[in-house]
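Shown next, in structure tokens, is the structure this report addresses.
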Amino acid sequence: MTEINTQIENNKNIDYDSKEKIVEVKNLNISFNTYAGEVKAVRGVNFDIYKGEALALVGESGCGKTVVSKSILQILPENNAIIKQGSSIKYMDEEVTKMSKKRLQKYKGSDVSMIFQDPMTSLNPTMRIGKQIEESLKLHTTLTKEEREQETINLLKTVNIPNPEQRVKQYPHELSGGMRQRVMIAIAIACNPNLILADEPTTALDVTIQAQILDLLRNLKDINNTSIVLVTHDLGVVADFADRIQVMYAGEVMETGTVNEIFENAKHPYTWALLMSVPRLDTKGKEELYSLWGTPPDLLLDIPGCPFADRCEYAMQICKEQKPQQAEFSKTHKCNCWLNHPEAPKVERPY
């Protein structure tokens, strides 16, 4: 993990007391109606997003990361997704769940936008990419057709696509995976949103293109002071990109803190497991890479205690019976684990 430690040394501490709060999520509960019953995908999630910061949502597949990000943009499937009563998502003190259709139309793309995981399925294969970028400008700005066409070329230049005058006439299938993802970023930033939700934007790309995409997002964040929520399972990406990390498991938040706090002083056994699964350059000899045993709980069922209890080697009886109390180690570092209770047995971090 030495390469990750080197990366996080450069991360600056952010004064969150002076930061403007862009989004505030409180008691977010989301369920899906399925043939098997009600899947409780997100359970009581709370967090804030501040101006100009990069927040990473981290956890294994199915933990609720993408569902949370889509709920902020209000693009969950209406036919079976339910945001439960009592849930609150506020954008600049405005309740998103109660926005009118007209207000939501402006909100999506103008205030908050999203970069989807697979651009090939998100882009319209029958439309030239220039037209797809122009759609957002036509919907949210008063630019003339000529001005929109020029702005589209400028956006392609911003995301480092060569020969933009020719590229605007091409279809998605004529572009490489990296270029398609750059087109998605161009669409996302077209109207200068305050918040960009990036749903695993580099998953299908090779490491070289992945680094270029992350550098592009980082530059956009720094230049425009844009907030970014990065949904990912790659802790290497998180260490080099994010300011804060929120670790999720089975629809709940296990731990949250700055990059330094999570990588150097993690408090939850699930966070330990994620960190131990990262390959290390300082490994001597041949060692088997750590893998977490067991499977996540069935989200059709109620979970009275900690959802990680059945897979946790430090679990106590109370872990299966009651939700842990939240322990605060700083203004930014919080953890939901019974091991942090004063009467719990002392456990050394295993790495």
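Here the chain carries DSSP beta bridges of which approximately 60% are antiparallel, counting only pairs with both residues inside. Rolling a 1.4 Å probe over the heavy atoms of the protein chains gives the stretch 188-257 an accessible area of 30 Å² per residue. Each residue of the stretch 90-103 is assigned a 3J(HN,Hα), and the resulting list reads 10, 10, 6, 6, 9, 6, 5, 5, 10, 5, 6, 4, 5, 5 Hz, derived from the Karplus form 6.51 cos²θ - 1.76 cosθ + 1.60 (θ = phi - 60°), x at Gly and Pro.
Can you tell me the dipole magnitude for the chain around its Cα centre, using point charges on the Cβ only (Lys, Arg +1; Asp, Glu -1), in Debye to the nearest 20?
Details: 41 positive and 47 negative charges, 191 e Å.
In debye, rounded to 20, the chain gives about 920.
If I take all pairs of Cα atoms in the stretch 135-239, what percentage of them are more than 20 Å from each other?
Details: 2222 of 5460 pairs.
Cα-Cα pairs in the stretch 135-239 separated by more than 20 Å: 41 percent.
Ordering Leu300, Ile75, Asn29 by Cα displacement along the dipole of the chain toward the positive end leaves Ile75 in first place; charges were set at the Cβ atoms of Lys, Arg (+1) and Asp, Glu (-1). Given a Förster radius of 30 Å and the C-beta distance between Glu288 and Asn265 as r, what FRET efficiency does 1/(1 + (r/R0)^6) yield to the nearest 0.05? Working from the Cβ atoms, E equals 0.70.
Per-residue accessible area for His233 at 1.4 Å probe radius, Å² rounded to 10? Counting only protein heavy atoms, the figure is 110 Å². Charging the Cβ of each Asp and Glu at -1 and of each Lys and Arg at +1, and nothing else, the dipole of the stretch 2-147 about its Cα centre rounds to 640 debye.
What fraction of the DSSP beta bridges in the stretch 31-116 is antiparallel, stated in percent and rounded to the nearest 5? Don't skip to the answer; put the middle values down first.
On the way: 8 of 9 bridges.
Counting only bridges with both partners in the stretch 31-116, antiparallel ones make up about 90 percent.
Run the numbers on the chain and let me know its relative contact order in percent, using alpha-carbon pairs under 8 Å that are six or more apart. Reported relative contact order: 21 percent.
Here the gap between Glu78 and Ala211, fully extended at 0.36 nm per residue and compared with their Cα-Cα distance, gives a gain of 44.4 nm. Taking Thr34, Thr208 and ordering them by how much accessible surface each has at a 1.4 Å probe, largest first, produces Thr208, Thr34. Between Val42 and Ile30, the built amide H atoms are under 5 Å apart, and every one of these is 5 or more places off in sequence or on another chain.
Accessible surface ranking for Ser227, Ser18, Ser61, 1.4 angstrom probe, highest first: Ser61, Ser18, Ser227. Nearest 0.05, what FRET efficiency do Glu24 and Lys106 give at R0 = 22 Å with Cβ-Cβ as r? Here the calculated transfer efficiency is 0.65.
Per residue, the Cα convex hull of the stretch 35-169 amounts to 172 Å³. Across the stretch 225-230, rounded Karplus estimates of 3J(HN,Hα) from the backbone phi angles (6.51 cos²θ - 1.76 cosθ + 1.60, θ = phi - 60°) give 6, 7, 7, 10, 9, 9 Hz, Gly and Pro being marked x.
At q = 0.11, 0.12, 0.22, 0.25 Å⁻¹, what base-10 log of I(q)/I(0) does the Debye formula yield for the stretch 107-188 when every alpha carbon is treated as an equal point scatterer in vacuo? Debye intensities relative to I(0), on a log10 scale: -0.25, -0.29, -1.04, -1.34.
Between Leu139 and Arg349, what is the FRET efficiency for a Förster distance of 51 Å, r being their Cβ-Cβ separation, to the nearest 0.05?
Values: r = 50 Å, r/R0 = 0.98.
Plugging the Cβ-Cβ distance into 1/(1 + (r/R0)^6) gives 0.55.
For the peptides 87-96, 265-274, what is the packing order when you average, over each peptide's residues, the other Cβ atoms within 10 Å and list the highest mean first?
On the way: 87-96: 15.7, 265-274: 22.6.
Highest-to-lowest ranking by the protection proxy: 265-274, 87-96.
For the stretch 201-351, the equivalent ellipsoid built from the Cα gyration tensor has semi-axes of 29, 19, 16 Å, listed from largest to smallest.
The values are calculated or read from the model by the stated rules, or taken from the named source; none is laboratory data. Because the structure is a prediction, the values reported are computed rather than measured. All Cβ positions, even for glycine, are placed from backbone atoms using ideal geometry, and neighbour counts span all protein chains on display. Just so you know, the surface numbers come from the protein's heavy atoms only, side chains and all, with ligands and any DNA or RNA stripped out. Shrake-Rupley method; radii C 1.70, N 1.55, O 1.52, S 1.80 Å.
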